[in-house]
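The values are calculated or read from the model by the stated rules, or taken from the named source; none is laboratory data. These numbers were taken from a predicted model, which means no experiment stands behind them. As a convention, Cβ positions derive from the backbone with ideal geometry for all residues, glycine included, and neighbour counts pool all protein chains shown. Each accessible area value is taken on the protein alone, full model and side chains, heavy atoms only, with ligands, DNA and RNA left out. Shrake-Rupley method; radii C 1.70, N 1.55, O 1.52, S 1.80 Å.
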Amino acid sequence: MVRVLSIWLPRLPLDRLVRRGDPRTDGLFAVTAEIRKAVRITNLTIYAREAGLTEGLSIPDARAICPDLLTEPCDPMREAALLRALARWADSLSPRVALDAPDGLLLDIAGCAHLFGGETAMCDHARQRLADMRITARMGIADTKSAARALARFGKTPIALAPTGRTSDAISALPAAALDLPDRTVAELARIGLKTIGQLYGIKASELARRFGLELTDALDRSRGHVPDPVAPYTPDSIFSARMSLPEPIGYLSDVEDVLRRLARSVCHRLRHRLKGARRFELAVRCVDSGDHLLSVGFVKPCFRIDPIVQQFARPLDDLKLEFGADLFRLVARQVEPIRFRQTRLGDRGDADDHLARVISTLGNRIGFDHVRRFRTHDSHLPERESFQVEAVAPQTDHVWHRRRRKRPLRLFPKPERLRALEPGRPPQSFEWRGQTHRTASANGPERLAPEWWRDGDARLRDYWRVQTADGPRLWLLTYPGVNPPDWFVAGRFP
């Protein structure tokens, strides 16, 4: 008979910070998340709980109760990584482990419990191991996955076991929310007096389905084992890495590059075979005198080629001190993504994109990818909306706005600057701007733009002029037709 162990980690976001040694966890501290359009508390330290705070409070309410409270938003990506690491640890309990994201694990322990002296002893062993890792856990064991999950999350004790063949009786006293139903369904059940799972047993399935939908009856059938509810084993992410251990240390940069090329050839061969690429590569180098060093490079596009990897590692390796040599190297591909080969158009546009990606990767590895930005087009004809800046590593959107090319400054002033016309004209024959007097040598325009009436903002017509001044600066002047006397502004400056 199938037996399922559910491990619930109710304080996983907070435990992650405790394991990291965050000093804030020794005082008034809480982890927050956005719930129902408000930032609310999800986890609390014992000191914050003693101060009168509870989970679910909004931050303004919590500050009113405890002004000294420190908070930090949850980090789902790092918490998911910790959960996957715990899933690998759970292999010591059972070979069939599944993730119950975002804060739980499910194990099929049929034929495994006797290795630990029984199910109770197995749970005690698991809770002690998790406590040693500074992680709080609650556990439940039942004949079905849904029932075990309900016992772990809503049981009265940290370890709740349902005897074999008596799962329905064990979960009958639990609230209806233990079936993992939508809040709307739970509230509707409570409104008519159905608050526990046992109260649902005496009602015909057809009546429940007609009143609350098939979702409720399916949840009941899964919890009692009337329909299959297997534990789907978790498959760890593939690790693309290569390692080389040398009998004697090497200290010449050319030898290190040869080792890197061999490691990259091995990693890239497996990436290419799986039609994948990596946005980041890490090279671990063990020096004889100074210990381990971790070098990292990133890429704008997923990379699976050898030469770009060696090229990007040239600068980090040049800065590495190899006085007595290194004897151990390990290259790991991180942030692995699938590669979709597609030809968007004829010509050499694809080569130009590759060259641009190579330049951005080189700049990002030197000054940081967060400091490299690029322009992205937007579906608007207004200058301030036709383009916007994004991080250079941001994924390309499928929709590209193909606008008519206009001669406009690449960078606009955040706010048009008013000028003072000295000699009237359209545009002014001479004007004063930023304390200097300029004379118009040539002008081209106007470029008249109508407002976007479906959006909030300036709803006036605009006329733009390209003006070449006699003393050098090329300016982009703005005026609003119909205004008497006319107002003139400098909207941008050409390079």
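This table checks each residue for (1) assigned to a loop (DSSP other than H, G, I, E, B); (2) of a type outside the set (Val, Ile, Thr).
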{"residue": "Arg16", "(1), (2)": "no, yes"}
{"residue": "Arg24", "(1), (2)": "no, yes"}
{"residue": "Thr32", "(1), (2)": "no, no"}
{"residue": "Glu55", "(1), (2)": "yes, yes"}
{"residue": "Pro60", "(1), (2)": "no, yes"}
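Within segment 50-71, the residues that satisfy the criterion of being within 20 Å of Leu12 (Cβ to Cβ), surrounded by fewer than 16 Cβ atoms within 10 Å (Cβ to Cβ) and under 26 Å from the mean Cα position of the chain (by Cα) are Glu55, Gly56, Leu70. All conditions in (1) outside any helix (DSSP H, G or I); (2) outside the structural domain of Ala113 (by TED's automatic domain parsing) hold for Leu200, with the sole exception of (1).
Hand me the list of strands (runs of 3 or more DSSP E) wholly inside segment 410-479 holding 1 or more residues that are under 21 Å from Pro495 (Cα atoms), open to solvent by 60 Å² or more (accessible area, probe 1.4 Å) and not small (Gly, Ala, Ser). Break it down stepwise before answering.
Numbers: elements: 412-418, 420-423, 430-433, 436-449, 462-469, 474-479.
Because the criterion is at least 1 residues that are under 21 Å from Pro495 (Cα atoms), open to solvent by 60 Å² or more (accessible area, probe 1.4 Å) and not small (Gly, Ala, Ser), the strands (runs of 3 or more DSSP E) in segment 410-479 that meet it are 412-418, 436-449, 474-479.
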